[in-house]
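Okay, so here's the structure we're looking at.
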Amino acid sequence: RDITQRKEMEAELETGRQRLADALAHMADGLVIYDRDARIVMCNEQYRAMFPATADLRVPGTRLEDVLRAAVERNEQTDVARDKIDEWIDATMAAFGKPVDRDIHLHDGRWLATRMRPMVDGGIIAVFTDITATKAAEAALSELNLRLAGLASTDSLTGLANRSGYDEAMKSEFARSERAGS
């Protein structure tokens with residue numbers, strides 16, 4: 001029997017697998033795939049490195065619920081109150097299989113953007129991107145805007161409110177007066 005075509009297909013499959021492995025290994029984002037039972041099927045090393053306190057749990061076979069609980073209990077994730085862990089896990093698990101975009105604030109000050117998308121088989125694929133620099137830039141820009149607003153409404157020589165500051169104060173006072181009915 002001629003098995004040339006079969007051997008070519010096997011070689012092509014192996015090449016495809018190697019390309020996928022290389023892509024996962026060299027991408028900047030963390031990637032994890034959960035099956036329909038919310039168990040990790042596969043993840044790349046970047047994903048595990050993004051969560052050093054729970055990296056030991058972020059391996060194939062681990063339940064999402066266990067990862068979430070450990071992230072809070074090990075103080076890796078700071079935006080969940082300890083007395084609300086079960087409620088938060090229930091809400092997260094209820095959203096499993098639905099498209100979700102959210103930002104996660106970690107204890108070390110880093111911010112991660114999470115994009116979760118459902119897969120055909122009932123599982124989800126999640127991509128985690130470090131957005132710490134973006135969040136820092138947003139905070140700096142917001143602070144600069146506040147300073148600029150202050151400079152725009154204050155006379156630089158006297159430090160008193162200028163015409164622009166006066167107009168804003170009057171507008172605010174008229175609105176307050178109108179709300180109070182006086």
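The values are calculated or read from the model by the stated rules, or taken from the named source; none is laboratory data. It should be emphasised that the depicted structure is a prediction, and the values quoted were computed from it without experimental measurement. Please note: Cβ atoms are built from the backbone with ideal geometry, for glycine as well, and neighbour counts cover all protein chains shown. Just the protein is used for accessible areas: all its heavy atoms, side chains included, with ligands, DNA and RNA removed. Shrake-Rupley method; radii C 1.70, N 1.55, O 1.52, S 1.80 Å.
Considering region 155-165 alone, what residues qualify as being surrounded by fewer than 11 Cβ atoms within 10 Å (Cβ to Cβ) and part of a helix (DSSP H, G or I)?
Residue satisfying the conditions is R163 alone.
Would it be correct to say that A152 is free of Cβ contacts under 8 Å to residues at least 60 places away in the same chain, closer than 30 Å to V32 by Cβ, exposed (fewer than 13 other Cβ atoms within 10 Å of the Cβ) and not charged (D, E, K, R)?
no
Conditions (1) open to solvent by less than 70 Å² (accessible area, probe 1.4 Å); (2) in contact (Cβ under 8 Å) with a residue 60 or more places away in the chain, marked per residue:
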{"site": "V32", "(1), (2)": "yes, yes"}
{"site": "D37", "(1), (2)": "no, no"}
{"site": "I40", "(1), (2)": "yes, no"}
{"site": "D56", "(1), (2)": "no, no"}
{"site": "R63", "(1), (2)": "no, no"}
{"site": "N75", "(1), (2)": "no, no"}
{"site": "K84", "(1), (2)": "no, no"}
{"site": "E87", "(1), (2)": "no, no"}
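Taking the condition of being outside any loop (DSSP other than H, G, I, E, B), touching a Phe, Trp or Tyr at 6+ places or on another chain (Cβ under 6 Å) and of a type in the set (V, I, T), how many residues in region 117-140 meet it?
2
Return the only residue of E168, E143, E173 being out of contact with any Phe, Trp or Tyr (no Cβ under 8 Å at 6 or more places or on another chain), open to solvent by 60 Å² or more (accessible area, probe 1.4 Å), among the charged types (D, E, K, R) and modelled with pLDDT under 90.
Step by step, each of E168, E143, E173 is checked, and only E168 is out of contact with any Phe, Trp or Tyr (no Cβ under 8 Å at 6 or more places or on another chain), open to solvent by 60 Å² or more (accessible area, probe 1.4 Å), among the charged types (D, E, K, R) and modelled with pLDDT under 90.
Name the residue, out of T54, T15, that is polar (S, T, N, Q) and not in a helix (DSSP H, G or I).
Criteria check complete, one pass: T54.
Residues T114, T92: which one is surrounded by 11 or more Cβ atoms within 10 Å (Cβ to Cβ) and part of a helix (DSSP H, G or I)?
T92
Is it the case that region 122-133 has a residue that's out of contact with any helix residue (DSSP H, G or I) (no Cβ under 6 Å at 6 or more places or on another chain), of a type outside the set (K, R) and at positive phi?
Checking region 122-133: at least one residue is out of contact with any helix residue (DSSP H, G or I) (no Cβ under 6 Å at 6 or more places or on another chain), of a type outside the set (K, R) and at positive phi.
State whether the residues of region 83-101 include one that is acidic (D, E), under 19 Å from the mean Cα position of the chain (by Cα), at pLDDT 90 or above and within 16 Å of F128 (Cβ to Cβ).
Yes, the conditions are met somewhere in region 83-101.
So if I check each of A49, A70, which one is closer than 22 Å to M116 by Cβ and open to solvent by 50 Å² or more (accessible area, probe 1.4 Å)?
The match here is A49.
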